[in-house]
1. Failed condition for A:Met276, given (1) part of a helix (DSSP H, G or I); (2) surrounded by 22 or more Cβ atoms within 10 Å (Cβ to Cβ); (3) within 7 Å of chain B (Cβ to nearest Cβ); (4) in contact with a helix residue (DSSP H, G or I) (Cβ under 6 Å, 6 or more places away or on another chain), with all others met?
2. Give me the pairs: first residue in the stretch A:322-333 and without any contact (Cβ under 8 Å) to a residue 60 or more places away in the chain and buried (at least 16 other Cβ atoms within 10 Å of the Cβ), second residue of a type outside the set (D, E, K, R) and assigned to a helix (DSSP H, G or I), beta-carbon distance under 7 Å, and six or more apart or on different chains, which are they?
3. Just checking, does the stretch B:329-336 include any residue being within 11 Å of chain A (Cβ to nearest Cβ) and either under 26 Å from A:Asn154 (Cα atoms) or modelled with pLDDT under 95 (or both)?
4. In this structure, is B:Ala282 of a type outside the set (Asp, Glu) and more than 7 Å from chain A (Cβ to nearest Cβ)?
5. Given the criterion within 30 Å of A:Phe139 (Cβ to Cβ), of a type in the set (A, V, I, L, M, F, W, C) and in a helix (DSSP H, G or I), identify the matching residue among A:Val330, A:Val249.
6. Yes or no: A:Thr18 in contact with a helix residue (DSSP H, G or I) (Cβ under 7 Å, 6 or more places away or on another chain) and at pLDDT 95 or above?
7. What number of residues within the stretch B:119-142 satisfy the criterion of being touching a Lys or Arg at 6+ places or on another chain (Cβ under 6 Å) and buried (at least 24 other Cβ atoms within 10 Å of the Cβ)?
8. Take the conditions open to solvent by 30 Å² or more (accessible area, probe 1.4 Å), polar (S, T, N, Q), within 13 Å of chain B (Cβ to nearest Cβ) and part of a loop (DSSP other than H, G, I, E, B) and apply them to A:Asn363. Does it pass?
There are 2 protein chains.
Amino acid sequence: MQRRRFLKSAGLGAAAATTLAAPAIAQSMPEIKWRCASSFPKSLDTIYGAAEFMAKRVAAATDNKFQIQVFAAGELVPGLQVLDAVQNNTVECGHTAPYYYVGKDPTFAFATAIPFGLNTRGQMAWMYFGGGRELINEFYKDYSVYGITCGNTNAQMGGWFRKEIKTVDDLKGLKFRIGGFAGQVLAKLGVVAQQIAGGDIYPALEKGTIDAAEWVGPYDDQKLGFNKVAQHYYYPGWWEGGPQLDLMVNMGQWEKLPKSYQNILEAASADAHCWMIAKYDAQNPKALRELVAGGTKLLPFPQPVMEACYAAANELYDETAAKNAKFKKVYDNWKPFRAEQALWFQVADNTFDNFMIRQYRANKL
Amino acid sequence: MQRRRFLKSAGLGAAAATTLAAPAIAQSMPEIKWRCASSFPKSLDTIYGAAEFMAKRVAAATDNKFQIQVFAAGELVPGLQVLDAVQNNTVECGHTAPYYYVGKDPTFAFATAIPFGLNTRGQMAWMYFGGGRELINEFYKDYSVYGITCGNTNAQMGGWFRKEIKTVDDLKGLKFRIGGFAGQVLAKLGVVAQQIAGGDIYPALEKGTIDAAEWVGPYDDQKLGFNKVAQHYYYPGWWEGGPQLDLMVNMGQWEKLPKSYQNILEAASADAHCWMIAKYDAQNPKALRELVAGGTKLLPFPQPVMEACYAAANELYDETAAKNAKFKKVYDNWKPFRAEQALWFQVADNTFDNFMIRQYRANKL
């Protein structure tokens, strides 16, 4: 064998050796161009920007050999059809919030956030070490998707309300722009949940077609101008305490990538994850201050309202688990993990946070 | 020009083309082997493991062209001399907690944590978008170091105490194993701060040479067995609410890296950052439960003790800023950022966390 190999090589000569070398290089660093459909408009520079950040990192890490072009919502496909576009290989990948697809299966919600779920760090811990990513990617297989963690908005705000919410009864008949699973929780308490695309919320709230609308947090909400048409800004957005974004990659495209590019894509997505979390935390304080200075009334949801919503959420999860085996499988793993996170987070982190917040409120920071 | 280029190519022939192609490839993906000195022992698989995770990602992203071998504390250099080794180019990079070097300059503390500082997310927000990384890397220039964010332990525990701490007076004369800047804060309240290497803490605490010792958190502390020699486990570790690790890279080595490798190293470090944060959050709950089940008494520092320490810390910062211009420059940027983080964190995130913790305590999670 040894001799035969040698002879074969020698026989091919220098020119042939060139030909042999070239494919080896092409194989390890091929030129690849992908398209990434984002669920978000360019104007939301943080949630949209995370995909751009990831793509720039991938290009820079591969000497521009692996290029991903990001398209804003609506440029290639509507923002809420990113999953379908990835599944059908219309685009190689998409940057989206998996819970947009709860209409297909409520199990998608776990990949982003479910009401009264995990905070930013808890969601990441579950995904990385609690079995979350494995469960979600197993579930994604039916959609030919490979998911990679790529961003989190951190706990969101509860939204903009034209009237104050004083009791659980005030929820009855309230026309509230709120998506997916959270809408189903609130429906149990009489809320009329409305699905309205981002650009249509402002006029609906202005005209009074809806009574309230939730979006993200101070930095994004201020850009959309909701403070001009609703005065009461509630917190927290208990339906998304740490909503995570995914880079959804078409499974066939993922499998075709060289291992090195797979690793670069995963590392660049983790980098974008940090970038987005940090950018929201750095930008939200100023926006919040400006909103309050401009007359926005910042209010916590009353405790009985939170309690009633929590009870309704648990009811919904039990009902959903009873009729959906995929949901149940993830829920059974996720629920004890959530309890463990609270057990730990209450000790060092929460006590530290509470102390620092007390100093802030006492004007001592 | 077009014709001339063509002729030149043709004239060189196939063999020469091979020769030309090879250096181009070598330039973009050269074979590089680095050594990374960790400040931590292998047994602490999370804080040590982050550097290993980073190195594996870098190797996988470059088809093993860029290899970083990680050495545990003491294998090449002592754990607390990683900065010196990087500065002297004894190793190309090191994974360490910058606050270990407050003896050289207290400004180092900002890169990890200063007492009553930022939490995990706040520290990341400051580093990424608050000007923190720029300020720290400007400061690092005097040490020929380029710093990259790479890991966080999350809020630490307050440590193991043989006796209960009931009042501020109980701190007087207390022999407490605690490092750097926090030791200086506590010295103002009569604590005798001791610097003892990790491996020597257990016997010192057992013999009563020291009265108390702090380390990291439940997962790591349990491994070192402190619960066997001290009963009272206090929280929070107010001197490190979100202590961050850095990958310190020798500046000359950093500048020699191809741009693609620089990008891969930064992305892999961000990935390791997520990995470490998530791993601690996932592992600490179980360790904490086991410690408490084994008889450990979990106690919060009394509020007056926290307040006294906070006042002492502020005093120390003002004194330090008055005599150290580098410290003052960073402190003046950092202090208002900390206040802004509390302003924002108290609203959506902390209210959400507090609600979930209340449900946990009411046995409803």
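The values are calculated or read from the model by the stated rules, or taken from the named source; none is laboratory data. On a predicted model such as this, the values are computed, not experimentally measured, just so you know. A quick note on method: Cβ atoms are made from the backbone with ideal geometry, for glycine too, and the neighbour counts reach across all protein chains shown. When the accessible area is computed, the model is the full protein with side chains, heavy atoms only, and any ligands, DNA or RNA have been set aside. Shrake-Rupley method; radii C 1.70, N 1.55, O 1.52, S 1.80 Å.
1. Going through the list (1) part of a helix (DSSP H, G or I); (2) surrounded by 22 or more Cβ atoms within 10 Å (Cβ to Cβ); (3) within 7 Å of chain B (Cβ to nearest Cβ); (4) in contact with a helix residue (DSSP H, G or I) (Cβ under 6 Å, 6 or more places away or on another chain), A:Met276 breaks only (3).
2. Within 7 Å, the pairs are A:Lys328/A:Ala321.
3. yes
4. No.
5. From the options A:Val330, A:Val249, the qualifying one is A:Val330.
6. No.
7. 1
8. Here the answer is yes, as A:Asn363 does meet what is asked.
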